[in-house]
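Chemist: A single structure is presented below for examination.
Just so you know, all these numbers are worked out from the coordinates, no wet-lab data involved. Note that this is a predicted model, so its numbers are computed, not measured. All Cβ positions, glycine included, derive from the backbone under ideal geometry; neighbour counts span all protein chains shown.
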């Protein structure tokens, strides 16, 4: 038997429960993991509220990312995986493969070994964020030297990964945060510039930072009315990637600014990478190499005990953190 985290009704973090279930055996193409650490994501908070891309089938497990050890493999999976330390990457739906718990079964294609210099907690705090940033900024956006990149919600784990990705490419990272409280920490992390959106004129600051050139890439998880403001700072033939809808408000299309600058606005999901094997292979190597040589170091905001899972998700939803929220299991 093993305990897992799941929910039997929609709602806030309080709906999450610890349920004891029989140890699951992996089917063809699957592996069973002994979970050591779990990284939390905004997607999960939307999921247990019924506001995510996929609707949960109750009762539903939850969780995308873990650092773990392979305990058993199903038919067709190389037995050499057994005993290895691995990370599970977000290449599946939570309806079928939730991971938060003492054990989890996931498809073998979603496994990756992590560099020896990482702890299981760091392994659980890397792949969603760096794959998400890679897909938009490197694969689709072709970020490179001379580019100015705007990163709203920069204190999130994906925002920090975007800062790393932009700087690794030789471009300039402009972090955007709502409050002054996070400015110094974002500068210390490596942002080239920080715009405090509640206190500064975003478009004016962008023009100042870029010498009037404007941003070439914008990487936004919030959407909603602020998209108009982000568009006002965009340069010629720029792209606004919207990878989330945290504002939960209608998102206008910035038509006039698009006419002026040739701005492209498009929705983006990490599934553009994780559901394409050839893309995923390249992305995994990109992230692994940079984790291994220290160019990328996952920042963990706070680590919670397994028994405090509900509190961990409350903290995630509080927006206080700078970096990843992690649960140590058991």
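Chemist: List the relative contact order of the chain as a percent without decimals, with contacts defined as Cα pairs under 8 Å and 6+ residues apart. Present the calculation step by step, with values, prior to reporting the outcome.
Modeler: Values: 764 pairs, mean separation 56.0, N = 330.
Relative contact order here is 17 percent.
Chemist: How big, on average over all directions, is the shadow cast by the Cα convex hull of the chain, in nm²? Show your work: numbers first, answer last.
Modeler: Working: hull surface 63.2 nm².
The orientation-averaged projected area of the Cα hull of the chain comes to 15.8 nm².
Chemist: So how tilted is helix 157-168 from the main axis of the chain? Cα-based, degrees 0 to 90, rounded to 10.
Modeler: Taking Cα atoms only, the helix is inclined about 60 degrees.
Chemist: Stretch residue 320-residue 57 to full length: gain in nm at 0.36 nm per residue minus the Cα-Cα span? Write down the numbers at each step before the final one.
Modeler: Details: separation 263, 0.36 × 263 = 94.68 nm, distance 3.04 nm.
Extra length from residue 320 to residue 57 when fully extended: 91.6 nm.
Chemist: What ranking of 210, 215 emerges when the number of other C-beta atoms within 10 Å of each C-beta is taken as an exposure proxy, fewest first? Please report the intermediate quantities before stating the final value.
Modeler: Working: 210 19, 215 25.
Ascending number of Cβ neighbours within 10 Å: 210, 215.
Chemist: Could you give the angle, 0 to 90 degrees to the nearest 10, between helix 309-318's Cα long axis and the longest principal axis of the Cα atoms of the chain?
Modeler: 10
Chemist: May I ask for the distance between the Cα centers of the range 165-225 and the range 46-90, given as a whole number of Å?
Modeler: Result: 34 Å between the Cα centres.
Chemist: Can you give me the angle between helix 277-292 and the longest principal axis of the chain, using Cα atoms only, in degrees from 0 to 90, rounded to the nearest 10?
Modeler: For helix 277-292, the angle is close to 80 degrees.
Chemist: Relative to a virtual label point 7 Å from the Cα of residue 49 in the Cα→beta-carbon direction, which members of the range 249-265 show backbone nitrogen distances below 19 Å?
Modeler: Counting only backbone N, you get 249-252.
Chemist: How are the Cα pair distances of the range 118-199 distributed, in percent, across 10 Å bins from 0?
Modeler: In whole percents, the pair-distance histogram is 20, 49, 28, 3.
Chemist: Quickly rank 221-234, 47-60 as a protection proxy: mean count of other C-beta atoms within 10 Å, highest first.
Modeler: Numbers: 221-234: 21.0, 47-60: 15.3.
Ranking the peptides 221-234, 47-60 by packing returns 221-234, 47-60.
Chemist: For residue 307 and residue 181, FRET efficiency with R0 = 35 Å and r from the beta-carbon atoms, rounded to 0.05? Walk me through the numbers on the way to the answer.
Modeler: Values: r = 29 Å, r/R0 = 0.84.
It comes out at approximately 0.75.
Chemist: May I have the pair-distance distribution P(r) for the range 128-271, computed from all Cα-Cα distances with 10 Å bins from 0 and rounded to whole percent?
Modeler: Using 10 Å bins, I get a P(r) of 13, 48, 36, 3 for the range 128-271.
Chemist: Which ordering of 113, 30, 278 is given by a fewest-first count of other beta-carbon atoms within 10 Å? Let's see the in-between values first.
Modeler: Working: 113 14, 30 22, 278 7.
The most exposed by this proxy come first: 278, 113, 30.
Chemist: On to the next question. For the range 248-330, what is the largest minus smallest coordinate of the Cα atoms on each principal axis, given in angstrom and ordered from greatest to least?
Modeler: That works out to 53, 34, 24 Å along the principal axes.
Chemist: Work out, step by step, the length gained on full extension between residue 27 and residue 267: first 0.36 nm times the residue separation, then minus their alpha carbon distance; give nm to one decimal. Can you show the working numbers first?
Modeler: On the way: separation 240, 0.36 × 240 = 86.40 nm, distance 3.42 nm.
Difference between extended and current length: 83.0 nm.
Chemist: I would also like to ask the following. What is the gain in length, in nm to one decimal, between residue 80 and residue 276 on full extension, counting 0.36 nm per residue of separation less the C-alpha to C-alpha distance? Display every interim value, and only then the final one.
Modeler: Working: separation 196, 0.36 × 196 = 70.56 nm, distance 2.44 nm.
Working it through step by step, the gained length comes to 68.1 nm.
Chemist: In whole percent, what relative contact order does the range 172-330 give with Cα contacts below 8 Å and a gap of six or more residues? Before the final figure, lay out each step's value.
Modeler: Numbers: 223 pairs, mean separation 21.9, N = 159.
Relative contact order here is 14 percent.
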